[in-house]
Amino acid sequence: MLAVFAVLCNVLVLVSASNIGRFWHVTDFHYDQTYFTYQLSCNDDVPNPGPYGDYWCDSPWSLVQTTVDFMANASSGPGGVDFIIWTGDTVAHIHDENTSLPENLMILKNVTNLLETRFPGIPVYASLGNHDFYPSDQAEGNKSEIYRAVGDLWKAWISNQSQVDRFENGGFYSKIFSNAKVRLLALNTNLYITSNHETDGVADPADQFHWLTQQLEEARAAGQKVIVTGHVPPGPLTKGLVNWMYSEQQQVLVDILVSYSDVIAGTHFGHDHQDGFKLLQSSDGSKAVPQFTAASVTPWRFRVPTPTGELVGDPHNPTVRLIEYDRDTGAHLDYHQYFINLTDTNSNKRANWAKLYSFKAAYSVPDMSVDSMRTIFERIKDGGGRTYTTRYCRYALASQQNTPCTDETRGEIYCAGLYYKVPEAKACVAKYLKRINNGDRGVCGTVASESALRSIGPLYRRFEPRHQSQAWQKARKPEITLL
């Protein structure tokens, strides 16, 4: 009898294991077609551009190509991947005067063709990023040319005409997986970014809130779990506590997501250009949704003028993420972050992709659930768990080396991880610092840049390469071709 029970247990384990799937998350390619010529995205002079990119610039095609090639080669074995989520910002940080909608669409088509070629038969659930629009950031809340053109470009992936129609009317859609147990909702969160003047003051741009509520209600009634994706994440950027969204629209979005915490398995966003995670939760903490932000492919560093000088972003390496999930329940089990050291890659003239970390091993938790994330935040709430906050700081930049991680940054990791409203997160950081050292900001590095970042939030939300004078760029306007 015991032998039979052991065999049954083994069979159950095998059945469970067979239901584990994988999917890639790639975001923020920011392909700069002028990288080797006019360097229109670069934030400093780069007299000797590396073959795979530079920390001051957006991605050359070689970096886009090696990223997709690595993804395809790494998932070509048994099991493969079920799908890919691609969360936008494929167009470079280049002034509107030197881009156009046809050029942006050509860039999107080039990357779409690359993904279709390297992943035949694998669906890609893609979203637009704020830089993909023309003018940049101006996502419209109704039918527009970009929605129509991109809907047509991605119709094979969306694979449902009613959802293609839905995309063409606002840039978002849903997909029910073949087993009918999991539903993916690809949102257009660019509708809520504070640099979008098209939707300022609009209660429900493109009726996306109404649609989202309907979709989640249908999923709940059908016993389905939901994966939510999009470009701009709700909640503050962890370092600096900058909020991307109009507060009223963010409040509605978070309220909807939290109300369906029993349905949502996980949420995935890009835009931040850095690795991170947080909980979106109700005020009493009784309901929560896990949110994961993937770091960018582009290594581009920002430069923002301040009243006392300028704020410069840290150098960070290109990354992609592979996520494991349960096909039946949608439960997120683990993710594996991969990167290249851009300096070594350029020196060797070959991209050596390597695993940076896995979520479970790095943070000593059993999975990616709300309970696991609560465990992490509980460890670090009083300045403890410094091993974990040090890793967070390092992985945010896709680095194998320890990076400066001030006490203020550690407090922001904790507070932004639990409070999606900036005033509440700031108050939490103040209490955190007081608890651990009477307000001393630590000796791990300076925090002037973080304070400056908060004080110039509107500038930080819409920055461009510093040397791009309009006349200079117009004289060197590039031509975009189909690759």
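The values are calculated or read from the model by the stated rules, or taken from the named source; none is laboratory data. This one's a predicted model, so the numbers in the text were calculated from it and none came from an experiment. Here the Cβ positions follow ideal geometry from the backbone for every residue, glycine too, while neighbour counts run over all protein chains shown. Protein only, heavy atoms only, side chains kept; ligands, DNA and RNA dropped before computing areas. Shrake-Rupley method; radii C 1.70, N 1.55, O 1.52, S 1.80 Å.
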Mean separation of Cα contacts under 8 Å (6+ apart) over length of the range 271-400, as relative contact order %: 23 percent
Cβ-Cβ FRET estimate between ASN19 and ASN402, R0 fixed at 41 Å, reported to 0.05: 0.60
Three-way shape label, the range 243-295, alpha-carbon gyration tensor, a/c 1.5: oblate
Among beta bridges that DSSP assigns inside the range 152-271, antiparallel share in %, nearest 5: 40 percent
Packing-based order for 72-85, 261-274, 360-373, using average beta carbon neighbours within 10 Å, highest first: 261-274, 360-373, 72-85
Using a Förster distance of 35 Å, the FRET efficiency for ARG386-SER162 (Cβ separation, nearest 0.05): 0.10
Where labels lie 7 Å past Cα in the beta-carbon direction, separation of ASN179 and ASN48 in nm: 5.2 nm
Under 18 Å from the SER347 label point (7 Å along Cα→beta-carbon), backbone N, the range 28-69: 48-56
Computed [θ] at 222 nm, helices only, for the chain once each DSSP H run of length n ≥ 4 contributes -39500 (n - 2.57): -11000 deg cm²/dmol
Segments 299-308, 336-345 sorted - mean Cβ within 10 Å per residue, highest first: 336-345, 299-308
Axial C-alpha extent at least 20 Å, average Kyte-Doolittle at least 1.6 - helices from the chain (DSSP): 2-18
Computed label-point distance, nm, for sites VAL202 and GLN214 using a 7 Å Cα→Cβ extension: 1.7 nm
The chain, dipole about Cα centre (Lys/Arg Cβ +1, Asp/Glu Cβ -1), debye to the nearest 20: 1100 debye
Whole-number percent relative contact order across the range 23-90, with pairs defined as alpha carbons under 8 Å at least 6 apart: 50 percent
Global geometry of the range 130-216, whether rounded, prolate or oblate, following the gyration tensor of its Cα atoms and the 1.5 cut on a/c: oblate
Top positive-direction residue, dipole computed over the chain with Cβ charges, set GLN250, PRO78, ASN437: ASN437
Estimated inter-spin distance, SER364 and PHE36, nm [label 7 Å along Cα→Cβ]: 4.8 nm
Packing-based ranking, highest mean first, of 24-32, 144-152 given that Cβ atoms within 10 Å are counted: 24-32, 144-152
Accessible area in square angstrom per residue, the range 136-210, 1.4 angstrom probe: 39 Å²
Dipole moment magnitude, nearest 20 debye, the range 49-112 about Cα centre, only Lys, Arg, Asp, Glu C-beta charged: 240 debye
Summed side-chain charge close to THR293 - residues other than THR293 whose Cβ falls under 11 Å, Lys, Arg +1, Asp, Glu -1: -1
Proximal aspartates and glutamates relative to LYS143, as straight alpha-carbon distance under 14 Å, when same-chain residues fewer than 8 apart are discounted: ASP152, ASP165, GLU168, GLU198, ASP207
Relative contact order %, the range 65-170, counting alpha carbon pairs below 8 Å whose residues are six or more apart: 30 percent
FRET efficiency, LYS143 to ASN73 (Cβ-Cβ, R0 60 Å, nearest 0.05): 0.95
The range 320-409, dipole about Cα centre (Lys/Arg Cβ +1, Asp/Glu Cβ -1), debye to the nearest 20: 400 debye
Entries in LYS175/LYS239; LYS239/LYS355; LYS355/LYS434; LYS239/LYS381; LYS287/LYS381 that, when Cα-Cα distance is taken, lie over 27 Å: LYS175/LYS239; LYS355/LYS434
